[in-house]
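A.B. asks: Could you have a look at this structure, given as structure tokens, before my questions?
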Amino acid sequence: MNETNGLHRMLAQQLRRLRLDYRTSPSPEDWHKLLELLSTTYTETDDERFTMRQTIEMSAREMRSLHETLSRQSLQDTLTGLPNRAALIRHLEVSLEACAHAGTGFKQVNDSLGHAVGDELLVLASQRIRACMRPEDVVARLGSDEFVVVCPDVSDSMIVPSIAARIGSQLAAPFPIGDHEAVVSASIGLVTTADAAASAEDLLGQADLAMYEAKLNGKGRATVFNSAMQRTVDTKFSVRNALGRAITLHELRVMYQPIVSLADERVIGTEALVRWERPGVGLLSPDDFIPIAEESSLISAVDCWVLQEAVRRGAQWCDAGGTIAINLSARTLQQDDVVHALGEALHRSAVSPGQLTLEITETTLLAGMGATNHNLARLRDLGVKLSIDDFGTGHSSLSQLQQTDVDILKIDQSFVSLMDHDAPSAAIVSAIITVGHALGLTLVAEGVERPSQAVLLREQGCDTAQGWLYGRPLPAEAIDKAFGVTFPEQSAG
């Protein structure tokens, strides 16, 4: 018994000397080194050494078998039995290497199923995709409802779209699941290459971009990757990175567009509009960066900064009886930051909450739920007003306004711009004004550019207006003059 314990202690010591890890499979060379050490350091009977050697050799075989099993599992999707992402990368790398030697290309289809209804649907989909392919092709599942196909040795460029069409057709057919039939659509991104220097990850990324483009163009489509897609992504990436630094580097600017009373065309308020003074580029309008910011959490930081800056800079306009309107995105309203930012701004400026208006789109207001509705309620509790921006461009109806807690309705400029020469547009504007007033709302007409539009709006009873007729977005100093105030920083000398 003592001899056996000593043998085990000695084996453990030798394992440590070789730095073998029980979690990995030692190489044959490692086992050979261990056996040599045992032969030279252990001096007990030959029988015991032989028994230990047999045990080690058996352990080696078992560990190699376990290693092979785990390796297979690590390369296989457990649900469908298809190769997973790791296996796909290996297949792509092999195909690229073969491409270098044979000069042939391959294609990759990244197929994202819409509205997946469960594991059974995914299994059936994988079977249909596999049935569309040649024996040498590889079908893999990346996860969720995304599949990838790799076809090596494609000599005819027409094979790529034909395979994509076949896969799309198969997946469009109803899937019998239980007593029901599930109908899904497939968006397919394709990329081909004969460049052996291309990496597997790059090709996956390119196919993903093409798939995203296919989704944008409508369901059930296939799109081939082109370099313009990559340039678009690179531009977004560059803008997103630079915008992330723009706030701390003080590159953002706020311009203010006057809002006038239609009764006497007196300036009664402003709308705060953000601009970006990007180094080396110049002054960028919101259209150049806000859509990109809205794809990430950056939009919340931008909105909160604009809110606090507008309240800080426009406090004296409010003292003179003016108002400030500030836009908030749907994504910003999902975060608590905006409530804290508004509370801090009001505390520091002593501006009356009722002189601040937060503008949100009708889609955000009427479709809002969860965190959005909770934060809207908290903002209302602070005493600010809410405005529906660009009314008429969403999917709401006038009757739905009864269910909303808003104060102001802004008529979208697409109706205002046509109302002085298009009777239906004039009728729509008139109806919005009539219903809005019946609900106790203040009406603002956006995009007023011609006196004839202002005349009609005044006749129809619209309360206020903004647009180039009354002034483009202006620096804060110009608004100071409109309200007859002097900002403290200017008078301080």
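A.B. asks: Could you run through the range 138-197 and say how many residues are open to solvent by 70 Å² or more (accessible area, probe 1.4 Å), on the phi < 0 side of the Ramachandran plot and not hydrophobic (A, V, I, L, M, F, W, C)?
C.D. replies: So the answer is 12.
A.B. asks: On to the next question. Filter the range 181-208 down to the residues that are within 20 Å of residue 219 (Cβ to Cβ) and touching a Gly at 6+ places or on another chain (Cβ under 9 Å), then identify the one that is modelled with the lowest pLDDT.
C.D. replies: Checking each candidate, the answer is 182.
A.B. asks: If a residue must be assigned to a strand (DSSP E or B), among the small types (Gly, Ala, Ser) and open to solvent by 10 Å² or more (accessible area, probe 1.4 Å), how many such residues does the range 258-276 contain?
C.D. replies: The total comes to 1.
A.B. asks: Which of the residues spanning the range 350-388 are hydroxyl-bearing (Ser, Thr, Tyr) and touching a Cys at 6+ places or on another chain (Cβ under 8 Å)?
C.D. replies: Result: 352, single match.
Yes/no per residue for (1) modelled with pLDDT under 85; (2) more than 20 Å from residue 214 (Cα to Cα); (3) among the hydroxyl-bearing types (Ser, Thr, Tyr):
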position	(1), (2), (3)
128	no, yes, no
131	no, yes, no
142	yes, no, no
145	yes, no, no
153	yes, yes, no
179	yes, yes, no
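A.B. asks: Among the residues of the range 425-436, is there at least one that is assigned to a loop (DSSP other than H, G, I, E, B), out of contact with any Asp or Glu (no Cβ under 8 Å at 6 or more places or on another chain) and not aromatic (Phe, Trp, Tyr)?
C.D. replies: Within the range 425-436, none of the residues are assigned to a loop (DSSP other than H, G, I, E, B), out of contact with any Asp or Glu (no Cβ under 8 Å at 6 or more places or on another chain) and not aromatic (Phe, Trp, Tyr).
A.B. asks: Now for a separate question. Is there a residue in the range 304-327 that is within 30 Å of residue 234 (Cα to Cα), of a type in the set (Lys, Arg) and open to solvent by 50 Å² or more (accessible area, probe 1.4 Å)?
C.D. replies: no
A.B. asks: Output the residue which, of all residues in the range 404-431 that are over 34 Å from the mean Cα position of the chain (by Cα) and of a type in the set (A, V, I, L, M, F, W, C), is nearest to residue 323 (Cα to Cα).
C.D. replies: Here the residue is 429.
A.B. asks: Taking the range 124-137 as the region of interest, how many residues are open to solvent by less than 10 Å² (accessible area, probe 1.4 Å), assigned to a helix (DSSP H, G or I) and either in contact with a Cys (Cβ under 8 Å, 6 or more places away or on another chain) or more than 20 Å from residue 152 (Cα to Cα) (or both)?
C.D. replies: Summing the residues that are open to solvent by less than 10 Å² (accessible area, probe 1.4 Å), assigned to a helix (DSSP H, G or I) and either in contact with a Cys (Cβ under 8 Å, 6 or more places away or on another chain) or more than 20 Å from residue 152 (Cα to Cα) (or both) in the range 124-137 gives 1.
A.B. asks: Here are some conditions: (1) at pLDDT below 85; (2) under 14 Å from residue 80 (Cβ atoms); (3) open to solvent by 10 Å² or more (accessible area, probe 1.4 Å). Residue 121 meets all but one. Which one does it not meet?
C.D. replies: (3)
A.B. asks: Shifting gears a bit: May I ask you to list the residues in the range 230-257 that are closer than 24 Å to residue 478 by Cα and open to solvent by 70 Å² or more (accessible area, probe 1.4 Å)?
C.D. replies: Listed by number, the residues that qualify are 250, 253.
A.B. asks: Then there's this: Looking only at residues in the range 265-293 that are in contact with a Leu (Cβ under 8 Å, 6 or more places away or on another chain) and β-branched (Val, Ile, Thr), which one is modelled with the lowest pLDDT?
C.D. replies: This residue is 292.
A.B. asks: Can I ask one more? Working only within the range 341-390, note down all residues that are within 15 Å of residue 312 (Cα to Cα) and of a type in the set (Gly, Ala, Ser).
C.D. replies: Matches in the range 341-390: 341, 343, 345, 349, 350, 352.
A.B. asks: Could you give every pair whose Cβ atoms fall below 7 Å, whose first residue belongs to the range 229-256 and is under 30 Å from residue 318 (Cα atoms), and whose second residue is in a helix (DSSP H, G or I) and open to solvent by 60 Å² or more (accessible area, probe 1.4 Å), counting only separations of at least 6 or pairs across chains?
C.D. replies: So the pair list comes out as 247/305; 252/305.
A.B. asks: Just checking, does the range 329-347 include any residue being under 22 Å from residue 258 (Cβ atoms), open to solvent by 10 Å² or more (accessible area, probe 1.4 Å) and either touching a residue at least 24 places away in the same chain (Cβ under 8 Å) or not small (Gly, Ala, Ser) (or both)?
C.D. replies: no
A.B. asks: Of the residues 214, 182, which is touching a residue at least 40 places away in the same chain (Cβ under 8 Å) and within 29 Å of residue 79 (Cα to Cα)?
C.D. replies: 182
A.B. asks: Also, I was wondering about something else. Of the conditions (1) part of a loop (DSSP other than H, G, I, E, B); (2) over 24 Å from residue 446 (Cα atoms), residue 339 satisfies every one except a single condition; which number is it?
C.D. replies: (1)
A.B. asks: If I ask for residues that are open to solvent by 60 Å² or more (accessible area, probe 1.4 Å), in contact with a helix residue (DSSP H, G or I) (Cβ under 7 Å, 6 or more places away or on another chain) and at pLDDT 90 or above, which ones from the range 383-429 would you list?
C.D. replies: Of everything in the range 383-429, those that are open to solvent by 60 Å² or more (accessible area, probe 1.4 Å), in contact with a helix residue (DSSP H, G or I) (Cβ under 7 Å, 6 or more places away or on another chain) and at pLDDT 90 or above turn out to be 385, 418, 428.
A.B. asks: Ok, one more. When residues of the range 440-493 are filtered for being hydroxyl-bearing (Ser, Thr, Tyr), farther than 15 Å from residue 324 by Cα and surrounded by 15 or more Cβ atoms within 10 Å (Cβ to Cβ), how many remain?
C.D. replies: Matching residues across the range 440-493 total 1.
A.B. asks: Any idea which residue in the range 213-229 is nearest to the chain's Cα centre (by Cα), counting only those that are closer than 22 Å to residue 183 by Cβ, open to solvent by 40 Å² or more (accessible area, probe 1.4 Å) and modelled with pLDDT of 85 or more?
C.D. replies: 215
The values are calculated or read from the model by the stated rules, or taken from the named source; none is laboratory data. Please read all numbers here as calculations on a predicted model, not as lab measurements. Quick reminder, even Gly has a Cβ in these numbers, built from the backbone with ideal geometry, and neighbours come from all protein chains shown. Calculation scope for accessible area: heavy atoms of the full protein, side chains included, ligands and nucleic acids excluded. Shrake-Rupley method; radii C 1.70, N 1.55, O 1.52, S 1.80 Å.
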